[in-house]
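Down below is the structure, laid out as C-alpha cells.
The values are calculated or read from the model by the stated rules, or taken from the named source; none is laboratory data. Quantities reported herein were computed from a predicted structural model and do not represent experimental measurements. Please note: Cβ atoms are built from the backbone with ideal geometry, for glycine as well, and neighbour counts cover all protein chains shown.
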Amino acid sequence: DVIYDALYGSEGVKAILSRHEGGGAFAAYGYAHVTGKVGFCQGTPGPGFGQLLPGVHEA
C-alpha cells in the first residue's frame, strides 16, 4: 500500500498495521482519546468499509 509505505518512512508518524478494519478504527480512536493527538485509520473499499463504521461512529 503506497500510503502505508509513505507513512512508515516518515518521522513523527507511527504507522501501525491492523489485521482488521474494525480493530484499526477502534485503535485510532483509542490513541486519539488517550494522547489528544490525531488518530488515523484506513481500510479497503467494499466490505472493509463496513467494518470501519462502528469505530468511526464511536469516535
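Can H33 be described as more than 11 Å from the chain's Cα centre (by Cα) and either of a type in the set (S, T, N, Q) or more than 14 Å from Y4 (Cβ to Cβ) (or both)? Against the criterion (more than 11 Å from the chain's Cα centre (by Cα) and either of a type in the set (S, T, N, Q) or more than 14 Å from Y4 (Cβ to Cβ) (or both)), H33 qualifies. Restricted to the range 17-35, and to residues there that are at pLDDT 90 or above and hydrophobic (A, V, I, L, M, F, W, C), the residue that is farthest from E58 (Cα to Cα) is V34.
Look through the range 35-52, keep the residues that are of a type in the set (A, V, I, L, M, F, W, C) and in contact (Cβ under 8 Å) with a residue 24 or more places away in the chain, and return whichever of them is surrounded by the fewest Cβ atoms within 10 Å (Cβ to Cβ).
Result: F49.
Residues that are in contact with a Gly (Cβ under 9 Å, 6 or more places away or on another chain), of a type in the set (G, A, S) and assigned to a loop (DSSP other than H, G, I, E, B): does the range 16-35 have at least one? Yes, the range 16-35 has at least one match.
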